[in-house]
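Engineer: One structure follows; several queries about it will come next.
The values are calculated or read from the model by the stated rules, or taken from the named source; none is laboratory data. Treat the numbers as computed from the prediction; the structure is a model and nothing was measured. Every residue, glycine among them, receives a Cβ derived from its backbone with ideal geometry; neighbour counts consider all protein chains shown.
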Amino acid sequence: MNPDVAWPIWSRERAQRVESALDRALPAADESPQPLHAAMRYAVLGSGKRVRALLAYAAGELAGADPGVVDHAAVAVELIHAYSLIHDDLPCMDDDVLRRGKPTCHVAHGEAMALLAGDALQTLAFEVLAKAPLPHTQTQARAQIALLATAAGSRGMAGGQALDLSHVGDALSLSELERMHALKTGALIQAALRLGAGCGRMLDRTESDALDRYAAAVGLGFQVVDDVLDVEGTAQSLGKTAGKDAMQGKPTYVSLLGLSPAKERVAELRDEAHTSLFAFGARARRLNELADWIALRKN
Ligand code: GRG
């Protein structure tokens, strides 16, 4: 966790909560096939900021949800996220050796096992969600599963990754860059918020639109900060290779806008996130804190 930004006790407690829930959801390392289960646990447990899980819990609070119910949503989004990081680091994609401060999954466990670990984490996410004791009808529970599937699939994260890979070396416009990140990073962040909120009372249309505006602002803000940190961070502070975007000729907010305007954009997006939640009052406290943290993070 970032020592430069005060991490609220609430976030610390929820990060520990999802860590335990992830531990319980994952097969034991000594369960056969051990090499696969060891690779899955290696990629998921012990590190990661758990931003998506925290967003799910915070959106759950907005809707008055029991954290015990939100656990399933938080686990499901973190499993999808961990799978995406394993696959993103593979030699056929970003070919990276460092993730979360340790060797990437394929470096530690071999390429074949890493590929399978990613596959199995993705399916485990849906198993967890399908078994969740949601406080609503079967139709609403199915909608939660469909929501995550769409966010992770070709119209969401995987589609964004495909666009990213196909644009290396290209000069993108700002709107093309934003579309790519809305899919690659934003779709899962939006899903985390919608799933968390969906564990509580049904939000009305105005409320769910406001939550989606918040999701768009923090999703984009998260990505712009990622681009800034790729320039300003170090492998030690980030726990992953720094300076990769420029090395690979990837279009980023920094390459398109410059460093200072990119930082100004982060501040604007943080304001947008706060404004979108204004009508919720104190119920949005945790979401507002997370928007601050996302804007100020250093890793
Ligand atoms: C392989 C289908 C597929 C998708 C990969 C998420 C993703 C798409 C790629 C990861 C590469 C990357 C740097 C994306 C931009 C922002 C991002 C998602 C960073 C990693 O998320 P953090 O910072 O990671 O929340 P931790 O380790 O803290 O969980």
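Engineer: If you scan the stretch 285-299, which residues turn out to be closer than 16 Å to A217 by Cβ and assigned to a helix (DSSP H, G or I)?
Structural biologist: R286, L287, N288, E289, L290, A291, D292, W293, I294, A295, L296, listed by residue number.
Engineer: Now for a separate question. Is there a residue being in contact (Cβ under 8 Å) with a residue 12 or more places away in the chain, more than 9 Å from the ligand (Cβ to nearest atom), over 20 Å from Q122 (Cβ atoms) and over 15 Å from the mean Cα position of the chain (by Cα) anywhere in the stretch 70-92?
Structural biologist: The answer is yes; a qualifying residue exists.
Engineer: Okay, next question. Can you tell me how many residues within the stretch 234-266 are in contact (Cβ under 8 Å) with a residue 40 or more places away in the chain and either among the polar types (S, T, N, Q) or more than 11 Å from the ligand (Cβ to nearest atom) (or both)?
Structural biologist: 12
Engineer: Another question, then. Scanning for something hydrophobic (A, V, I, L, M, F, W, C) and assigned to a helix (DSSP H, G or I), does the stretch 87-99 turn up at least one residue?
Structural biologist: No, the stretch 87-99 has no match at all.
Engineer: Still on this structure, please answer the following. Please enumerate the residues belonging to the stretch 153-207 that are in a loop (DSSP other than H, G, I, E, B), of a type in the set (K, R) and without any contact (Cβ under 8 Å) to a residue 40 or more places away in the chain.
Structural biologist: Hit for the stretch 153-207 is R155, nothing else.
Engineer: Continuing with the same structure: Checking R52 against (1) near the ligand (Cβ under 10 Å from one of its atoms); (2) modelled with pLDDT of 95 or more; (3) farther than 21 Å from F126 by Cβ, only one condition comes out false. Which one?
Structural biologist: That leaves (3) as the condition not met.
Engineer: Among the candidates T139, T150, T123, single out the residue that is assigned to a helix (DSSP H, G or I), away from the ligand (no atom under 12 Å from the Cβ), polar (S, T, N, Q) and within 21 Å of R41 (Cα to Cα).
Structural biologist: The unique qualifying residue is T123.
Engineer: Looking at this structure, is L36 at pLDDT 95 or above and either within 16 Å of the ligand (Cβ to nearest atom) or of a type in the set (V, I, T) (or both)?
Structural biologist: Answer is no for this residue.
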